[in-house]
Amino acid sequence: MSNKIEFVRNYNDLSTDKGFQFEFCCDRCGTGYRTRFKASVTGTISSAIDAAGSLFGGILGRASNLSDRVHSAAWEKAHDGAFEEAVNELKPDFIQCPRCSSWVCRKSCWNTKRGLCKECAPDLGVEMSAAQASRSVEEVWAHAKMSEEDKKLSESNWRETVRASCPECEAPLANNAKFCPECGAKLKTASNCPGCGSKITTKAKFCPECGERL
């Protein structure tokens, strides 16, 4: 019995009678990879016979019809081989989540620390940054500060700007890090105002509390 060919639902077959090409996409973000076009030998031969048959007809025309039938079986076999090669080539770039069974890209949608996709186990840094931004908008519209309960719960972390990605190399951050794990860029530039002692977390020229020049 021939070997089974493993496949997934998130792929597109771009093959034609001229050759083979496939693309595989991430279930979560939709991005992916496409194999380079691989010419089909049987497709090339068939096209040559078809062209000759259309010019001369007769015996060559009948040969062209025969080539289509022969080409079908040969092309399908070559197609299976090309598909198997494509799966083996691109499979290392994807991984299946053991919780939801989705196939996701390792580059953007896999939480290595948790061993799950980011849909099942989101990055803490990304979620904190999104939640902080959402809360900030709510505060602006409400014209009020955080509740006393929230201030006691997370004042030290909540008021500190949390980044979801590195401002230098744009690598995603898995947690509230001080330095980028990819390029080493410093992510936190906190300092204190020389006038009032308030913490400065941005590259501000003046203190937002007392107006002291920094």
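The values are calculated or read from the model by the stated rules, or taken from the named source; none is laboratory data. As the structure is a computational prediction, the values presented were derived from the model and not from experiment. For neighbour counting, all protein chains shown are included, and Cβ atoms are generated from backbone atoms with ideal geometry for every residue, glycine included. Keep in mind that these areas ignore ligands, DNA and RNA; they rest on the heavy atoms of the full protein, side chains included. Shrake-Rupley method; radii C 1.70, N 1.55, O 1.52, S 1.80 Å.
Some points to look at:
- Counting only helices (runs of 4 or more DSSP H) that sit wholly inside segment 58-159, those with at least 2 residues that are open to solvent by 70 Å² or more (accessible area, probe 1.4 Å), at negative phi and modelled with pLDDT of 80 or more are 58-90, 124-142.
- Annotation: of all residues in segment 10-26 being among the acidic types (Asp, Glu) and either at pLDDT 90 or above or in a strand (DSSP E or B) (or both), the one that is farthest from GLN96 (Cα to Cα) is ASP13.
- Test result for LYS203, over 27 Å from ASN111 (Cβ atoms) and modelled with pLDDT under 80: yes
- Positions within segment 3-37 being open to solvent by less than 50 Å² (accessible area, probe 1.4 Å), under 13 Å from ASN88 (Cα atoms) and of a type outside the set (Phe, Trp, Tyr), in sequence order: VAL8, GLU23, THR35
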